[in-house]
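Here is the structure we will look at, set down as structure tokens.
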Amino acid sequence: MDKYYSLLGLPLEEVEKYLKEHNITYTVKSIQGKKDTDKLIIPRVIKISDIDNGVEVLTTKFSDSLK
């Protein structure tokens, strides 16, 4: 987990680019709340876990006010 700490909070596309550049197999899982879904548009990484054949990336959506 520590080796991916710097990727937490980044937009999903940046994390995917990093993982592809380093030839790391990954899966993406997303969680979503029920409030203000129209304002939550940017998927950001909140957790990265090592799994047997690569990593699992957990995302949730944030508003674009966090730029």
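Taking the stretch 2-12 as the range and being of a type outside the set (S, T, N, Q) and either open to solvent by 80 Å² or more (accessible area, probe 1.4 Å) or assigned to a loop (DSSP other than H, G, I, E, B) (or both) as the test, the residues that pass are ASP2, LYS3, TYR5, LEU8, GLY9, LEU10.
Are any residues in the stretch 38-60 touching a strand residue (DSSP E or B) at 6+ places or on another chain (Cβ under 8 Å) and farther than 17 Å from LEU7 by Cβ, and if so, which ones? Hits for the stretch 38-60 are LEU40, ILE41.
The values are calculated or read from the model by the stated rules, or taken from the named source; none is laboratory data. All values derive from a computational prediction rather than experimental measurement. Cβ atoms come from the backbone with ideal geometry, glycine included; neighbour counts cover every protein chain shown. With ligands, DNA and RNA removed, areas are computed over all heavy atoms of the protein, side chains included. Shrake-Rupley method; radii C 1.70, N 1.55, O 1.52, S 1.80 Å.
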